[in-house]
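Working notes, structure below.
The values are calculated or read from the model by the stated rules, or taken from the named source; none is laboratory data. It should be emphasised that the depicted structure is a prediction, and the values quoted were computed from it without experimental measurement. Neighbour counts are summed over all protein chains in view; Cβ atoms, including those assigned to glycine, are modelled from backbone coordinates with ideal geometry.
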There are 2 protein chains.
Amino acid sequence: MTSHTRPIGVFDSGIGGLTVLKHLTKVMPDEHFIYLGDTARVPYGNRSADTVRTYAQECARFLAHHNVKMMVVACNTVSAVALDTIEHYLTTLGGTHNRTSVIGVIDPAARAAVSTSVSGRIGVIGTRATIASDAYAIAMRRISNGKELSIHSRACPLFVPLVEEGWTDTRATRLIAEEYLRPLIAQEIDTLVLGCTHYPVLTPLLNELMPNVALVDCGACTAVEAAHIVDAQQSEGLHRTNIDLYVTDITPAFGMLARQFLGMPVDDPVRVTLDPAHFETSL
Amino acid sequence: MTSHTRPIGVFDSGIGGLTVLKHLTKVMPDEHFIYLGDTARVPYGNRSADTVRTYAQECARFLAHHNVKMMVVACNTVSAVALDTIEHYLTTLGGTHNRTSVIGVIDPAARAAVSTSVSGRIGVIGTRATIASDAYAIAMRRISNGKELSIHSRACPLFVPLVEEGWTDTRATRLIAEEYLRPLIAQEIDTLVLGCTHYPVLTPLLNELMPNVALVDCGACTAVEAAHIVDAQQSEGLHRTNIDLYVTDITPAFGMLARQFLGMPVDDPVRVTLDPAHFETSL
């Protein structure tokens, strides 16, 4: 399979990464995407870094088997703690996998936040694991180019279940959001990184509660950077966008949430196992 | 290993089952308990029945390897959809496993609810999977003994993350509980089954919102029935209570939540894998 026909792999702990896929399909409408959601083990956000690394490698192995030219790690938690694990794993495979780019959502969003912020006072919200990793703050300081930054982070573990319950603007959601955001508002941030794939669904509420704060959607930033990398690698053979959806568990709420996250109707996903015995023979 | 020295195995998708273990240790203080929490894959409550059955069998295999005389399935979701899977699995193992009793939390709680309710108007709250299975309603109708029942169920998926956030009595939690319970209150239930291991932690709030409704804690009912079964099997060789804690992932919040759920300080858990390659050779 040559580079221009190789698909782009996208993976996430669940289906939240479809908010990232939405932006990827917008900026690269002619690509073939393979999306893997590890819905049998979602969420990763409250697990130990060690377990997240194990799961991430299993997802990467699945996508490597599909000979993707790029892996987009849509999951903030995996991007925060396991990007190097995946890059190292691909080098051990050799062959075309040495030419597989890996991009996470942290660095693109960190770059966007640093360039968006005027005051340098930046907030980050995410899962417990993402916030505990401090990955956004580390990335922002690395690329700050001398700009003075004051970074304020807050784990918001209730946002994901609220979104999955469809409660994006109830009184309870508003109270919880106020509670989570209070310390960030007190710090007078002017930019907020939405460091979890589910959070863009809460954008209207967040805009209302923080009207003067710029929201950074990691999916949008990552899609733009991913498109640059793919452009650099390929200049021919474009074909119609298509998306193959794989999940490790098909749950009743899948269709409803997938439409909401992706912003368009989706085909039924294919359920797969990440056990290499079921696919690695043809690698 | 003879029957009276064989331990009692307790398993749950995570650490919520410690609320069941708490009651088990109260009624059987002289037993040796092995607790397994599948924290690497928690929660089971939003997964498909098929996936829950696979995970349940893997947990049962781990406990069978420890030669338990009884398996207490503390997880409502597993009890609802996979009890028969576990019973069947044990028969395939033969040997002492043929003498391993299996008890879930559904039947004991259903019996308690039917006998507690005066009006026969009973509410059930639980995870999406438990409620979708209709297991409580089916069990209550089976054992109703002609008593007329009107059963009203409601999935409350936000209760678990609220408890794990430690928000057991915030304004937001109260609003969410009011929203979830409104249809049950409107149905004038006199008894409510707390069909999830995390929910007993919300007892004070639930009592306040439904002052005339009897709450059925599945852990308490199950412990009483489990003690009867163990008594029947064993009449000698009692020894001091001890608890071995195993989890598939050690997460930062473990200690805090474990103390809250179990009602006493706990030792650090041992992290294990459920891959039989790591333990089944000695079976």
- Note on the structure: The residue that is farthest from the other protein chains (Cβ to nearest Cβ), considering only those in the range A:9-40 that are surrounded by fewer than 24 Cβ atoms within 10 Å (Cβ to Cβ) and out of contact with any Ser or Thr (no Cβ under 8 Å at 6 or more places or on another chain), is A:VAL27
- Message: Can you tell me how many residues within the range B:53-69 are aliphatic (A, V, I, L, M) and surrounded by fewer than 24 Cβ atoms within 10 Å (Cβ to Cβ)?
- Response: 1
- Message: Looking only at the range B:212-229, how many residues end up being in a helix (DSSP H, G or I) and among the charged types (D, E, K, R)?
- Response: 1
- Task: Considering every residue within the range B:237-248, establish whether at least one is modelled with pLDDT of 85 or more, within 14 Å of chain A (Cβ to nearest Cβ) and closer than 17 Å to B:LEU21 by Cβ.
- Result: yes
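Residue-wise test of (1) away from every other protein chain (no Cβ under 14 Å); (2) among the aromatic types (Phe, Trp, Tyr); (3) under 21 Å from the mean Cα position of the chain (by Cα).
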position: B:SER115; (1), (2), (3): yes, no, yes
position: B:VAL118; (1), (2), (3): yes, no, no
position: B:ILE122; (1), (2), (3): yes, no, yes
position: B:ILE176; (1), (2), (3): no, no, no
position: B:ILE185; (1), (2), (3): yes, no, no
- Quick one: in the range B:41-65, of everything that is over 23 Å from A:ASN46 (Cβ atoms) and in contact (Cβ under 8 Å) with a residue 60 or more places away in the chain, which residue is nearest to the other protein chains (Cβ to nearest Cβ)? B:ALA49
- Considering residues of the range A:1-48 that are over 13 Å from the mean Cα position of the chain (by Cα) and of a type in the set (A, V, I, L, M, F, W, C) only, the residue modelled with the lowest pLDDT: A:MET1
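Could you say whether any residue in the range A:25-38 is assigned to a loop (DSSP other than H, G, I, E, B) and either touching a Lys or Arg at 6+ places or on another chain (Cβ under 6 Å) or within 20 Å of A:PRO157 (Cβ to Cβ) (or both)?
Taking the range A:25-38 as the starting set, the residues that turn out to be assigned to a loop (DSSP other than H, G, I, E, B) are A:28-31, A:38.
If we keep only those that are either touching a Lys or Arg at 6+ places or on another chain (Cβ under 6 Å) or within 20 Å of A:PRO157 (Cβ to Cβ) (or both) too, we end up with A:38.
Yes: one or more hits.
Looking only at the range B:39-88, count how many residues are in a loop (DSSP other than H, G, I, E, B), more than 26 Å from A:SER48 (Cα to Cα) and of a type in the set (D, E, K, R). Please lay out each step first, then the result.
Step one: list which residues in the range B:39-88 are in a loop (DSSP other than H, G, I, E, B), which gives B:39-48, B:66-69, B:74-75, B:82.
Cutting the leftovers down to more than 26 Å from A:SER48 (Cα to Cα) gives us B:67-69, B:82.
Filter once more, keeping what is of a type in the set (D, E, K, R): B:69.
Number of matching residues: 1.
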- Task: Spot the failing condition for B:SER115; the list is (1) assigned by TED's automatic domain parsing to the domain that holds B:GLY17; (2) farther than 19 Å from B:GLY16 by Cα; (3) of a type in the set (S, T, N, Q); (4) free of Cβ contacts under 8 Å to residues at least 60 places away in the same chain, and only one is missed.
- Result: (1)
- Among the numbered conditions (1) within 20 Å of B:HIS198 (Cα to Cα); (2) within 13 Å of another protein chain (Cβ to nearest Cβ); (3) not basic (Lys, Arg), tell me where B:ALA74 comes up short. (2)
- Item | Pairs with Cβ under 8 Å, 6+ apart, first in the range A:179-199 and at positive phi, second at pLDDT 95 or above | A:GLU188/A:SER119; A:GLU188/A:ARG121
- If we keep just the residues of the range A:146-168 that are over 20 Å from B:GLU165 (Cα atoms) and modelled with pLDDT under 95, which is farthest from the other protein chains (Cβ to nearest Cβ)? A:GLY146
- Residue ID - modelled with the lowest pLDDT, chosen from residues in the range B:113-145 that are under 15 Å from B:TYR199 (Cα atoms) and not in a helix (DSSP H, G or I): B:THR127
- Message: So, in the range A:1-24, how many residues would count as being assigned to a loop (DSSP other than H, G, I, E, B) and among the charged types (D, E, K, R)?
- Response: 1
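Just a yes or no: is a residue in the range B:128-148 more than 21 Å from the chain's Cα centre (by Cα) and either of a type in the set (Asp, Glu) or over 26 Å from B:ASP84 (Cα atoms) (or both)? Reasoning before the result, please.
As a first pass, look at the range B:128-148 and keep what is more than 21 Å from the chain's Cα centre (by Cα): B:144-148.
From the residues that got through so far, the ones that are either of a type in the set (Asp, Glu) or over 26 Å from B:ASP84 (Cα atoms) (or both) too are B:147-148.
Taking every residue of the range B:128-148 in turn, at least one turns out to be more than 21 Å from the chain's Cα centre (by Cα) and either of a type in the set (Asp, Glu) or over 26 Å from B:ASP84 (Cα atoms) (or both).
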